[in-house]
Amino acid sequence: MSFVTWIIIGFIVLIIGWVISAYNELVSLKNRTKEAWSGIDVQLKRRHNLIPNLVETVKGYAAHERGVFEKVTEARARALAAKTPAEAGEAERGLTGALKTLFAVAENYPTLRASENFQKLQGDLTDTENKIQAARRFYNGNVRDFNIKQEQFPYNLVAGLFGFKKAEFFEIEEEEEREAPKVKF
């Protein structure tokens, strides 16, 4: 074989090696993103498991607030049924709103707020919310890295060739939290 043939073979081997390397890097980023989502999923399940106990505790003190309990239960059911990060974000936004209403009702009952069981559940829920936020930041960081890699040349060629899809971010903040506060004097 001639020298030119060896150069061409060497060039082809380099390209194939790079494609394999790029593919493996994209697979790694995809799997890290899935792993990060499982961290969010664990915390969301913990949150969903705390809610029935919280509702039952508040019911014991505020039995006539039936509409609030139904809204929380419905919002929890929607959150449990969510399949994608976008669906979960929307459902969790609704659940957060329903929980705010539940806690507003609890404010009207001093004996409930003083209840050790209620305080423990509220503390557990606050701890879980903090863990969800940390898991969300970790997940969204992995999604960002995965999506950026898919957009960068020449990785975008490999991503397109092997059918990699962009991952969805997980956002649960309410729209009003993103707006600047209005100050009136």
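The values are calculated or read from the model by the stated rules, or taken from the named source; none is laboratory data. For clarity, every value in this text was computed on a predicted model and none was experimentally measured. Note that each Cβ is placed from the backbone with ideal geometry, even for glycine, and that neighbours are counted across all protein chains shown.
Remarks
- Among the conditions (1) surrounded by fewer than 18 Cβ atoms within 10 Å (Cβ to Cβ); (2) modelled with pLDDT under 85, residue 81 misses just one, which is (2).
- Just one of the listed residues (53, 24) is over 21 Å from residue 139 (Cβ atoms), in contact with a helix residue (DSSP H, G or I) (Cβ under 9 Å, 6 or more places away or on another chain) and assigned to a helix (DSSP H, G or I), namely 53.
- Comparison of 100, 59, 83, 71 shows that the only residue that is outside any helix (DSSP H, G or I), without any contact (Cβ under 8 Å) to a residue 60 or more places away in the chain and not aromatic (Phe, Trp, Tyr) is 83.
- Filtered residue count, segment 86-95, keeping only those that are farther than 12 Å from residue 171 by Cβ and in contact (Cβ under 8 Å) with a residue 60 or more places away in the chain: 0
- Screening residue 143 on (1) within 25 Å of the chain's Cα centre (by Cα); (2) among the aliphatic types (A, V, I, L, M); (3) modelled with pLDDT under 95; (4) more than 20 Å from residue 56 (Cα to Cα) shows it passes everything except condition (3).
- Scanning segment 1-32 for residues that are polar (S, T, N, Q) and either closer than 21 Å to residue 156 by Cα or under 26 Å from the mean Cα position of the chain (by Cα) (or both) turns up 21, 24, 28, 31.
- Whichever residue in segment 43-78 is among the hydrophobic types (A, V, I, L, M, F, W, C) and loosely packed, with under 15 Cβ neighbours inside 10 Å and, among such residues, is nearest to residue 120 (Cα to Cα): 63
- Residues of segment 130-152 classified as buried (at least 19 other Cβ atoms within 10 Å of the Cβ), under 19 Å from residue 28 (Cα atoms) and among the aliphatic types (A, V, I, L, M), total: 2
- Considering residues of segment 103-115 that are touching a residue at least 12 places away in the same chain (Cβ under 8 Å) and farther than 19 Å from residue 172 by Cα only, the residue surrounded by the most Cβ atoms within 10 Å (Cβ to Cβ): 106
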